[in-house]
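Here's the structure, in structure tokens; my notes come after.
The values are calculated or read from the model by the stated rules, or taken from the named source; none is laboratory data. Small disclaimer: the values here were computed from a predicted structure and weren't measured. A quick note on method: Cβ atoms are made from the backbone with ideal geometry, for glycine too, and the neighbour counts reach across all protein chains shown.
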């Protein structure tokens, strides 16, 4: 018969494994919820402006979980990372971002939520490509530079 401490040790290990598994499931469910929230936001907030499909900074701030003023400040501090095909600035200091602008912005925000949202935006855009039977590698291989 094994000593009592060994039994307690293995019981503790089993509990830790169960809790770790439950946390992973919750994280996956959170990522799925984020993905669906992004999809819904894109369907409802995407609009054509100056010949480009864009999303307003207000809508992006909401999904990233940051204040609009903080998001705009982050863009202004890194304006060189947002050429004209990434973003459009209104005369009121508001921003509308294209797909590459959204991805650039996500890489600049530093909160845990922003990191998870950024990853889900990448997943979402890749999902859209795959849904149309394409991948980024297909575009490179065929020499196309437009979607």
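So the values come out like this:
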read-out: Cβ pairs under 6 Å, 6+ apart, first in region 102-123 and on the phi < 0 side of the Ramachandran plot and surrounded by fewer than 17 Cβ atoms within 10 Å (Cβ to Cβ), second in a helix (DSSP H, G or I) and modelled with pLDDT of 85 or more; value: 108/74
read-out: Positions within region 73-87 being touching a residue at least 12 places away in the same chain (Cβ under 8 Å) and either out of contact with any strand residue (DSSP E or B) (no Cβ under 8 Å at 6 or more places or on another chain) or surrounded by 18 or more Cβ atoms within 10 Å (Cβ to Cβ) (or both), in sequence order; value: 74, 75, 78, 81, 82, 86, 87
read-out: Verdict on residue 57 being closer than 30 Å to residue 138 by Cα and touching a strand residue (DSSP E or B) at 6+ places or on another chain (Cβ under 9 Å); value: no
read-out: Qualifying positions in region 38-58 - in contact with a helix residue (DSSP H, G or I) (Cβ under 6 Å, 6 or more places away or on another chain) and either at pLDDT below 90 or crowded, with 18+ Cβ neighbours inside 10 Å (or both); value: 38, 41, 45, 55, 57
read-out: In region 105-139, the residues that are assigned to a helix (DSSP H, G or I) and farther than 18 Å from residue 35 by Cα; value: 108, 136, 137, 138, 139
read-out: Candidate set: region 73-96, residues that are in contact with a helix residue (DSSP H, G or I) (Cβ under 6 Å, 6 or more places away or on another chain) and part of a helix (DSSP H, G or I); chosen: the one farthest from residue 36 (Cα to Cα); value: 81
